[in-house]
Amino acid sequence: MTATPAPADSEPARGPRAWLRALAVYREPPVVRMLFLGFSAGLPLLLVFGTLSFWLREAGIDRTTIGFVSWVALAYAFKWAWAPLVDRLPLPGLTRLLGRRRSWLLASQVAVAAGLVGMALTDPALHLRPLVILALLTAFASATQDIALDAYRIESAPVHKQAALAAAYQTGYRLAMIWAGAGALAIAARFDPSEAQYHFGPWTIAYLVMAASMAVGIVATVLAPEPAGPVPPLPREGTALQRLAAWLHGAVVSPFADFVRRYRWHAVLLLALIGCYRISDVVMGVMANPFYRDMGFSKDEVAAVSKVYGVVMTLAGAFVGGVLSLRFGVLRTLFAGAVLSAATNLLFAWLAVRGHDLAFLIFAVSADNLSAGIASSAFVAYLSGLTNVAYSATQYALFSSIMLLLPKYIAGWSGWAVDSFGYVSFFVGTAMLGVPVLLLVWLAARAAGPQRPSNR
């Protein structure tokens with residue numbers, strides 16, 4: 001029997017048609033929805049870290065104390081510890097009404113808004129410890145939102161569309177960072193009667209506006225559909241202790257055992273790649289602002305180029321990364337992102353030789369942030385593809401925590417490296433840190449071989 005030729009429409013589109021089809025993914029409801037949810041996820045970070053540090057310094061808090069306060073952001077690095085609860089534990093009443101993922105999303109978003117309101121009403125000049133406690137609770141709620149949102153995103157679309165969802169998520173996230181950084185400072189400045197003295201009122205207004213901005217994510221969560229992910233049943237047989245042990249095994253042990261069982265010895269390779277992929281960017285980024293200052297760039301120049309224009313370039317990179325991942329595959333885009341992220345650090349070494357050169361700063365920041373956006377978009381899509389939807393919240397939280405632990409630790413030595421060897425050698429060294437990552441991506445691509453059975 002002769003096989004019937006496939007209709008022309010079933011053939012893969014080529015040329016401009018293929019690119020238009022790839023771009024059309026950004027109009028799909030799950031992708032658009034992720035833009036608003038990404039905004040909700042990105043809003044709290046600077047409000048408990050960078051913007052808060054500015055506020056504390058203006059309130060007369062010493063730099064050493066501000067450094068210790070920055071540890072509240074470590075909540076994001078240890079979110080894997082309570083991710084099993086978010087993955088499996090239903091919230092009384094709320095889960096039945098909204099579903100497993102949206103109930104945790106809504107609860108964490110409301111908690112973030114409440115924490116920001118509490119911070120807005122607490123003057124650090126008079127009540128520093130309560131403010132730090134509120135910041136810690138806000139960071140905890142924000143990290144919980146990240147856990148639930150990562151699981152929601154993974155379960156909302158198949159693997160081949162995860163890059164587009166990641167790009168939309170990053171777009172919303174970066175826009176929120178502009179609003180929580182430059183926006184909060186602008187609001188505080190607008191209501192400040194005099195910059196010569198500290199006034200608590202302007203910061204109250206700024207943080208209340210930020211708390212109200214969480215409504216973007218809250219409304220998106222309420223209107224969003226619950227993803228059709230598998231709902232694990234609660235143990236019903238045995239004593240209360242046996243049911244608790246069975247639940248803990250399913251919530252805590254099973255997600256990690258599932259990852260090792262699916263990937264066997266390749267799990268070590270994958271964890272090594274996850275732990276090292278962003279090392280070049282993270283280590284370099286810690287010294288970026290001190291470098292700008294030492295090169296003689298003004299605060300206005302740094303704010304305009306790095307904090308606003310640079311974020312726009314990151315958004316463009318995330319968009320490009322999503323399209324490239326759909327067009328050429330995640331692993332190829334992952335490799336390209338690793339090459340670009342490491343290579344662009346050399347531009348800062350060149351800038352260190354040139355000194356105060358605003359045009360070259362714009363060029364270096366453009367290239368660096370565009371590369372970071374491409375790499376991040378592909379990396380998020382890659383991590384999403386590694387998870388099993390039965391344990392998506394726990395496994396993704398583990399991956400995203402591993403992604404930061406080693407780079408953050410090494411980044412702590414970046415100031416010593418600059419003092420010992422200078423900026424040029426430091427930036428060249430951070431570029432060299434990206435070379436082993438290329439080998440890990442190549443090995444991961446070889447280990448993947450034929451596509452594994454989907455867990456979706």
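Annotations for the structure displayed:
- The requirement of being closer than 21 Å to VAL219 by Cβ and under 18 Å from the mean Cα position of the chain (by Cα) is fulfilled nowhere in region 113-136; no residue meets it.
- Against the test of being within 18 Å of the chain's Cα centre (by Cα), among the basic types (Lys, Arg) and modelled with pLDDT under 85, the options ARG174, ARG236, ARG153 yield a single qualifying residue, ARG174.
- ALA224 closer than 29 Å to VAL159 by Cα, in the same structural domain as SER40 (by TED's automatic domain parsing) and at pLDDT below 95: yes
- Hey, ALA272 over 18 Å from the mean Cα position of the chain (by Cα) and at pLDDT below 75 or not: no
- Counting the residues of region 69-99 that are of a type in the set (D, E, K, R) and within 19 Å of LEU134 (Cβ to Cβ) gives 1.
- Residue check for ASP357: more than 20 Å from ALA448 (Cβ to Cβ), buried (at least 24 other Cβ atoms within 10 Å of the Cβ), out of contact with any strand residue (DSSP E or B) (no Cβ under 6 Å at 6 or more places or on another chain) and charged (D, E, K, R): no
- Residue satisfying all of: in region 395-446; surrounded by 16 or more Cβ atoms within 10 Å (Cβ to Cβ) and among the polar types (S, T, N, Q); nearest to the chain's Cα centre (by Cα) among these: SER400
- Scanning region 159-172 for any residue that is surrounded by fewer than 20 Cβ atoms within 10 Å (Cβ to Cβ), basic (Lys, Arg) and not assigned by TED's automatic domain parsing to the domain that holds SER371 turns up at least one such residue.
- Among (1) surrounded by fewer than 24 Cβ atoms within 10 Å (Cβ to Cβ); (2) closer than 30 Å to ASN388 by Cβ; (3) of a type outside the set (Gly, Ala, Ser) - the single one LEU137 does not satisfy: (2)
- Selection status of ALA251, modelled with pLDDT of 95 or more, in a helix (DSSP H, G or I) and not assigned by TED's automatic domain parsing to the domain that holds TYR396: no
- Evaluation of LEU56 against (1) modelled with pLDDT of 80 or more; (2) closer than 24 Å to ALA215 by Cβ (one fails), failing number: (2)
- Test: residue in region 46-56 that is assigned by TED's automatic domain parsing to the domain that holds ALA166, among the β-branched types (Val, Ile, Thr) and under 20 Å from ARG153 (Cβ atoms): no
The values are calculated or read from the model by the stated rules, or taken from the named source; none is laboratory data. A quick note: this is a predicted structure, and the numbers were derived from the prediction, not measured. Positions of Cβ are generated from backbone atoms using ideal geometry, with glycine treated the same way; all protein chains shown enter the neighbour counts.
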